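Dropping the structure in here first, questions after.
The values are calculated or read from the model by the stated rules, or taken from the named source; none is laboratory data. As the structure is a prediction and not an experimental result, all values here were calculated from the model. Cβ coordinates were reconstructed from backbone atoms using ideal geometry, including for glycine residues, and neighbour counts include every protein chain displayed.
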Amino acid sequence: MTRSLTAKLAICLIWLICPANNLWAKPFMGQYKGTFYPDGRVKMKATANVVDEGNNRYRLAIQAKSDDPTLEGAFIEIYGDVNDQHVDLHGRAGGYEWRGQIKDGRLSAKGHYGQHFELDWFESK
């Protein structure tokens, strides 16, 4: 009898906590999809994962892959700090300084020589 009651209480607790996790999720955290522009002519599909590091700081892993085997993709890992209603992005990756912003579900990051990422937040299913 007590084992059954314990199992029922555990299920109820999980049922209550799971929806609440969405309330505690950080507003900028998640997955983003979009485009990488390595120069003025080429476009590549790009994705990013934004992870909360605590203390209003985020880590971003941004990756671009080309469908053309002759073109090299890109991978950068940079950081961001919360500044009011947006995140200011910064860091050095791939030999370049990167700056950008996450605001209103849009992630933009630009490298020193003009290459840039434009991605939008999406909800994975």
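In segment 98-108, is there at least one residue being under 18 Å from Pro27 (Cα atoms), acidic (Asp, Glu) and in a strand (DSSP E or B)? Walk me through it before giving the result.
First, pick out the residues of segment 98-108 that are under 18 Å from Pro27 (Cα atoms): 100-108.
From the residues that got through so far, the ones that are acidic (Asp, Glu) too are 104.
Still in the running and in a strand (DSSP E or B): none.
Within segment 98-108, none of the residues are under 18 Å from Pro27 (Cα atoms), acidic (Asp, Glu) and in a strand (DSSP E or B).
Report yes if Ile102 is under 25 Å from Glu123 (Cβ atoms), under 11 Å from the mean Cα position of the chain (by Cα) and touching a residue at least 40 places away in the same chain (Cβ under 8 Å), otherwise no.
Values: under 25 Å from Glu123 (Cβ atoms): yes; under 11 Å from the mean Cα position of the chain (by Cα): yes; touching a residue at least 40 places away in the same chain (Cβ under 8 Å): yes.
Taking the combined requirement at face value, the residue satisfies it.
Filter segment 78-98 down to the residues that are charged (D, E, K, R) and loosely packed, with under 15 Cβ neighbours inside 10 Å and list them by number. First the steps, then the outcome.
Residues of segment 78-98 charged (D, E, K, R): 81, 84, 88, 92, 97.
Residues satisfying the conditions are Asp81, Asp84, Arg92, Glu97.
Check Leu60, Leu9, Leu16 and return the single one that is among the hydrophobic types (A, V, I, L, M, F, W, C) and modelled with pLDDT of 95 or more. Give the derivation first.
Numbers: Leu9 fails: modelled with pLDDT of 95 or more; Leu16 fails: modelled with pLDDT of 95 or more.
Being among the hydrophobic types (A, V, I, L, M, F, W, C) and modelled with pLDDT of 95 or more holds for just one of Leu60, Leu9, Leu16, which is Leu60.
Can you tell me which of (1) more than 16 Å from Tyr58 (Cβ to Cβ); (2) at pLDDT 95 or above; (3) surrounded by fewer than 15 Cβ atoms within 10 Å (Cβ to Cβ); (4) not β-branched (Val, Ile, Thr) is the one Asp104 doesn't meet?
(1)
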